[in-house]
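To start, the structure itself, in structure tokens.
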Amino acid sequence: MAAATQPTASAGGKKQILLNAFDMSTIGHLSPGQWKQPNDQSTTKRRLDYWINLAKLLEKGDINALFLADTYGGYDTYNSSLDDCIRRAAQWPMTDPTIPISAMAAVTTNLAFGITASTSFEPPFLLAKRFSSLDHFTQGRIGWNIVTSWKKAAFKAIGIDTPIEHDERYLQADEYMRVLYKLWEGSWSDDATIADAENDAYFDPDRIRTINHHGKYYDLESRHIVDPSPQRTPFLFQAGTSEAGSTFASKHAEAIFVSSHSPTLLRPKVDNIRRLAAEEGRDPKSLKFFATFTPILGRTDEEAQQKYQELQKTASTIGGLVLFSGWTGIDISKIPLDQDITEADSKEANKVTSIMSAFTTTSSAIPRWTPRIVAEKASIGGLGPVGVGSPATVADEMERWIKEADLDGFNIAYVTTPGTFEDVIELLIPELRRRGLYPEKIEDGLTAREKVYGKGQSKLRDDHSGSAYKYDVYQEDAPHHDNPRKQPVHEEQKAEAVIKEASSTTGAAHIELIDKKLSGRQEDNVGPSPRGASDEQWQRKALPRHLFRQWPRP
């Protein structure tokens, strides 16, 4: 079913928002250099107790989710080198964000987890297995932030010289998602678990469908190896508002992570994605938008300003410029301090297009972008707005963004951790609740999706594209016309004729196995070619090559 999509309203009629804590499994996330602050714990993230204590804090403070960014390579655009990225600990080094999730889930009941993972570096089957496992272990509290990867350093790390072109990445990701929906939604029936002790049968294989996907980018012939988790498909985040990214979000995302320095610049992007979603047959209000926001809070405006001035002393200006250059493809070290930055300065084809656009678009608040201004802005808060002041002052600013950009919540970025999150829980959330902007208490035991859409909506909404692949309505897609594994009928007929001809030279046992291959059956431990069969006889050039993929040469 599709739950009501109108945002939850308070008694005063205001839209209530959700807050996610925004972190990354690295020292310098969006405010590099703050490890020098005596109370900052970012250098302890390689210890499990950092994540356990953070999860307990966020749970106690009624934070909706811990949203974890990730990256697969360093930032080497600034000065054409990775050295400053490493030296400033600017999102370097980076541990795997999925590893601590089970430990955090074990000490919480309600906190959800959003994990960033790329569609560019692993087959869909492996990602499907990992997220199904996490959804089980968290009892349905897992979300996935879908990204496509663009860094040259990341692709080189896996042996690919050139990243995939921007729009092509999203076409590939669209097929990736369809494969995942097939595995998560279409492979297992809800009643595949039978637990029939009398007949020694726990699962019914007849109720677990084999997925046969032969697309342009991916081939898969398998049942899903994990039984259905509480949500089946994890709650789906997506980041990016480029033209290709917006189209992708309108089909797949349930929540969109956005960033801008101005709500008026952000609003057209939000409106556009909602419009595209409506064209896909989705309720546009079912897409939830979360903006990055970095609060620096004090009990008074004066106290907050003093805190901000102290944080500026430990900010890494170079670290901020390293991140800026990496995101935009602009080597800012090559531009004079007071020269305007334009899109023409972006010489690098591989970048985050939506971020590059945001940082080269001016507004009344920032009428010019120059290296000097970037140096001031990028080292604290990175991408989004920074709110400095008392709880009332910061809440005023957040309320302005909610109204002007049509937001549903924020990803709260920290300057120091856990200090920023402690201030949000102690100072900001009470003020938001006083204004009717934040729920008093969320019901215990809800899945990540139910926390957004309401109790009972643990699975994909009916108007989501993934619902077309649910078990009871599933229909396999036709093979892509360029897929080499799409076998024309006349070649299959030719293969059968060759099998008969080859029977005297290749052995009856192996002919039986070939026949099973042709008929769609498979057997393990296929042996070598029969003794006495020559290479020419065994290879049989007329036979389709895929028949011999698993058969070692003698």
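Details
- Scan of the range 117-137 for residues that are outside any helix (DSSP H, G or I) and either open to solvent by 10 Å² or more (accessible area, probe 1.4 Å) or free of Cβ contacts under 8 Å to residues at least 40 places away in the same chain (or both), ordered by number: S120, F121, E122, P123
- Residues located in the range 171-218, provided they are of a type in the set (S, T, Y) and under 22 Å from the mean Cα position of the chain (by Cα): Y176, Y181, Y217, Y218
- Residues (part of a loop (DSSP other than H, G, I, E, B), open to solvent by 60 Å² or more (accessible area, probe 1.4 Å) and β-branched (V, I, T)) located in the range 160-203: I160, T162
- Only one of the listed residues (N110, N145, N53) is touching a residue at least 60 places away in the same chain (Cβ under 8 Å), closer than 30 Å to E426 by Cα and assigned to a strand (DSSP E or B). That residue is N145.
- Leading residue by the ranking (least open to solvent (accessible area, probe 1.4 Å)) among those in the range 245-269 that are of a type in the set (V, I, T) and modelled with pLDDT of 95 or more: I256
- Residue count for the range 66-86, restricted to those that are over 19 Å from the mean Cα position of the chain (by Cα) and touching a residue at least 24 places away in the same chain (Cβ under 8 Å): 9
- Residue match in the range 219-232 (condition: open to solvent by 10 Å² or more (accessible area, probe 1.4 Å), out of contact with any strand residue (DSSP E or B) (no Cβ under 6 Å at 6 or more places or on another chain), modelled with pLDDT of 95 or more and over 18 Å from F131 (Cβ atoms)): yes
- Within the range 378-392, restricting attention to residues that are assigned to a loop (DSSP other than H, G, I, E, B) and among the hydrophobic types (A, V, I, L, M, F, W, C), the residue that is most open to solvent (accessible area, probe 1.4 Å) is L383.
- From G73, G114, G143, G61, residue being more than 24 Å from P418 (Cα to Cα), surrounded by 16 or more Cβ atoms within 10 Å (Cβ to Cβ) and in contact with a helix residue (DSSP H, G or I) (Cβ under 8 Å, 6 or more places away or on another chain): G73
- Matching option when the condition is farther than 23 Å from D423 by Cβ, in a loop (DSSP other than H, G, I, E, B) and out of contact with any Leu (no Cβ under 7 Å at 6 or more places or on another chain), among D40, D96: D96
The values are calculated or read from the model by the stated rules, or taken from the named source; none is laboratory data. Values in this document were obtained by computation on a predicted structure and should not be read as measured data. Positions of Cβ are backbone-derived with ideal geometry, glycine not excepted, and every protein chain shown enters the neighbour counts. In case anyone asks, the SASA skips ligands and DNA or RNA and just uses the protein heavy atoms, side chains included. Shrake-Rupley method; radii C 1.70, N 1.55, O 1.52, S 1.80 Å.
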